[in-house]
1. Could you line up ASP338, ASP232, ASP68 from fewest to most neighbouring Cβ atoms inside 10 Å?
2. How far apart, in nm, are the 7 Å Cα→Cβ label points at LYS265 and SER651?
3. Take THR538, THR206 and order them by how many other Cβ atoms sit within 10 Å, fewest up front.
4. Which length gain, in nm to one decimal place, applies between GLU20 and LYS683 when the Cα-Cα distance is subtracted from 0.36 nm times their residue separation?
5. Label 7 Å along Cα→Cβ of ASP709; the range 659-698 residues with amide nitrogen under 20 Å?
6. Report the calculated FRET efficiency for LEU621 and ARG581 (r = Cβ-Cβ distance, R0 = 30 Å), to the nearest 0.05.
7. Over the range 163-316, what is the mean sequence separation of C-alpha contacts under 8 Å (at least six apart), divided by residue count, expressed as relative contact order in percent?
8. Pop the C-beta distance of THR358 and ASN59 into the FRET formula with R0 = 41 Å and round what comes out to the nearest 0.05.
Amino acid sequence: MAEIVLSAFLTVVFEKLASEALKKIVRSKGIESELKKLKKTLDQIQDLLNDASQKEVTNEAVKRWLNDLQHLAYDIDDLLDDLATEAIHRELTEEGGASTSVVRKLIPSCCTSFSQSNRMHAKLDDIATRLQELVEAKNNLGLSVITYEKPKIERYEASLVDESGIVGREDDKKKLLEKLLGDKDESGSQNFSIVPIVGMGGVGKTTLARLLYDEKKVKDHFELRAWVCVSDEFSVPNISRVIYQSVTGKNKEFADLNLLQEALKKKLQNKLFLIVLDDIWSESYGDWEKLVGPFHAGTSGSRIIMTTRKEQLLKQLGFSHEDPLHSIDSLQRLSQEDALSLFAQHALGVPNFDSHPTLRPYGEKFVKKCGGLPLALRILGRLLRTKTDEEEWKSLLDSEIWSLGNEDKIVPVLRLSYNDLSATLKLDIEMNQEFGKEPVKKQRHMSFVCEDYVVYKRFKPLKGAKSLRTFLALSVGVVLNDLLQELPLLRVLSLTHLTISEVPEVVGSMKHLRYLNLSCTSITHLPENVCNLYNLQTLILSSCYKLIKLPESFSKLKDLQHFDMRGVEFPNWVGDPSYRRLTKVSIEGCEESTSLPMLGQLPSVKELFIGGMSKVKVVGLELHGTGLAFPSLEILRFKSMSGWEEWSTNSGAFPCLQELCIEDCPNLVQVSLEALPSLRVLKLRKCSHGVLKSLVDVASSITKLEIDDISGLTDELWRSVIGYLGQLNN
């Protein structure tokens with residue numbers, strides 16, 4: 001399946017050849033003419049990919065040709081990567097000026113030795129020879145240029161559906177029409193209700209929704225209708241904009257979401273509407289609440305049809321498999337009879353196999369392989385539309401492509417349909433392969449899942465696999481340093497969850513590396529030579545709780561785009577009492593953390609801010625520790641802790657606390673604190689009345705009280721608070 005990635009990969013190669021930095025170093029090495037010839041030949045070969053992709057399914061020689069071309073493309077990319085890395089090295093050296101000698105110490109020896117031009121010419125000669133052999137082989141394979149006009153691949157609102165071409169959905173349509181048009185309103189207190197269509201990919205959710213949307217009864221019933229294809233990006237502004245354009249017929253621009261939704265609300269006011277939200281992937285209840293804000297202005301009986309593969313959002317909206325009023329009914333696959341009829345329509349243009357009895361047995365087997373999925377049946381049927389010969393049907397039925405099948409049956413059908421696509425549109429399907437299917441030395445991507453006692457045995461064949469680009473070691477206890485030395489061309493290296501306490505030294509010399517994942521390891525520091533990885537784009541250090549030091553030259557990673565140090569826990573050094581000079585601590589935005597670090601034993605901290613940690617539910621011993629907590633703390637602020645429910649302290653905590661601020665912590669209800677003898681200022685905003693009462697009870701010395709938006713606050717409680725705080729001045 002080499003042609004799947006070749007077209008996109010060659011595009012990347014061409015982009016590298018066109019870069020100014022590469023051109024500069026190429027000229028300095030005197031290899032400009034060779035690379036121009038290389039590009040010209042690659043252009044010629046790329047034009048053959050459309051034809052090769054169609055022939056490889058049945059022609060083993062073409063498949064081998066594509067495989068050889070893919071390996072050659074990787075080697076070309078390696079060579080260009082070497083050049084680009086040396087260009088960065090030269091740039092840093094020139095920028096360093098007086099510090100050139102220091103920079104050179106940081107550059108791995110591979111960069112300096114690479115500058116030998118005779119080695120470069122030898123590589124180019126080898127690549128040119130292999131490329132010419134592939135060009136000559138194309139004539140024997142009968143490959144030719146196929147022109148292809150690239151179509152737009154955006155998914156727009158579907159056109160009208162021909163109901164005569166839909167089979168097996170009569171009962172589903174009738175049931176959903178009753179929900180759309182029936183007098184029974186399940187919306188409760190809302191003006192609209194949701195009609196979900198749930199099912200796996202390819203089962204026909206969108207088609208069924210379109211049948212309902214175009215039904216005359218539906219058009220006559222609803223005053224306003226809108227259809228939005230949502231897909232994987234649930235953008236509230238974009239969805240709202242499409243709905244507004246549908247119900248108004250105007251393509252108006254708005255400065256912000258608020259203005260857009262106000263305009264939409266005005267248009268939906270007292271109207272009976274139907275909105276279809278097709279192909280929803282989002283599970284965010286918050287985004288849903290933002291989107292449906294304007295919908296509440298509509299008339300009772302309005303409906304939203306939601307098609308989705310995921311049930312999580314629906315469950316958050318009150319749907320379940322048990323509730324008859326708000327049930328989640330998954331759309332089922334077609335029966336064997338209906339599936340055979342649909343397949344015949346698309347493969348033969350007739351509703352059955354009566355006029356093609358010899359093809360019926362093959363048709364029944366194709367239908368079985370498609371698992372009753374309408375999408376798979378339509379795609380496969382269209383593929384066979386021009387093939388009425390029994391041998392052609394038998395050949396496709398016996399194809400090894402079906403071994404790619406997974407539960408939903410779509411993958412092999414899509415693979416067979418590549419004849420209808422250009423190489424630039426093909427899908428990149430990665431498969432797990434066992435040793436032996438391809439010589440290890442030619443492997444480019446590998447992952448391993450094995451037990452410790454077979455680690456060495458499994459890794460041993462990799463020695464010599466110098467072309468490997470991706471190495472993912474999963475659930476492995478050790479990684480051999482000498483093994484990594486054998487993999488100089490790695491682009492992706494993942495050592496996540498390995499029991500290592502330091503980063504292997506050889507990692508710093510992997511100059512091609514783009515992705516490095518060291519998460520969930522026991523490393524204590526990141527070595528300085530990691531800063532040699534000029535091409536590194538992603539560095540993941542999440543959940544490295546023992547990590548205490550990053551390299552001083554970290555800023556040299558100029559291509560770094562994604563740096564992740566997140567974790568559900570904090571590193572062990574956070575809150576270490578040895579930080580005696582630390583006086584101010586701020587922890588915010590750690591959205592994945594479910595608990596706070598132990599900060600209570602920091603001896604000199606006077607000011608502490610904690611905010612934006614929505615998953616923390618309890619604040620207690622894990623923050624304070626077992627000894628005297630926060631002996632010097634004077635100011636404590638909590639903000640935007642939406643999940644915080646309980647706060648407790650041990651005896652003697654906060655002896656010097658003078659100011660306490662709690663803002664936007666609406667779920668904090670249980671506060672069990674010891675006396676706060678030094679507290680003078682208390683500020684509460686967007687909290688419950690219980691927080692106010694609990695804090696006032698343990699801090700009678702408060703002289704300044706600021707409160708705003710306190711839920712459940714009564715006149716009686718307020719009078720009690722004022723009466724208790726005898727020293728209150730403000």
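Any read-out appearing in this document is the output of simple, stated calculations on the displayed coordinates, not a laboratory observation. Quick caveat, the model's predicted, so the values are computed rather than measured. Don't worry about glycine lacking a Cβ; one is built from the backbone with ideal geometry, like all the others, and counts go over all protein chains shown.
1. On the way: ASP338 19, ASP232 8, ASP68 15.
Fewest-to-most ranking of ASP338, ASP232, ASP68: ASP232, ASP68, ASP338.
2. Result for the modelled spin labels: 5.5 nm.
3. Values: THR538 16, THR206 19.
In order of increasing Cβ crowding within 10 Å: THR538, THR206.
4. Details: separation 663, 0.36 × 663 = 238.68 nm, distance 5.83 nm.
Separation in residues times 0.36 nm, less the Cα-Cα distance, equals 232.8 nm.
5. Only 660-670, 682-693 fall inside the zone, counting backbone N under 20 Å.
6. The computed FRET efficiency comes out at 0.70.
7. Working: 238 pairs, mean separation 51.4, N = 154.
Once normalised by length, the contact order is 33 percent.
8. After rounding, the FRET efficiency stands at 0.95.
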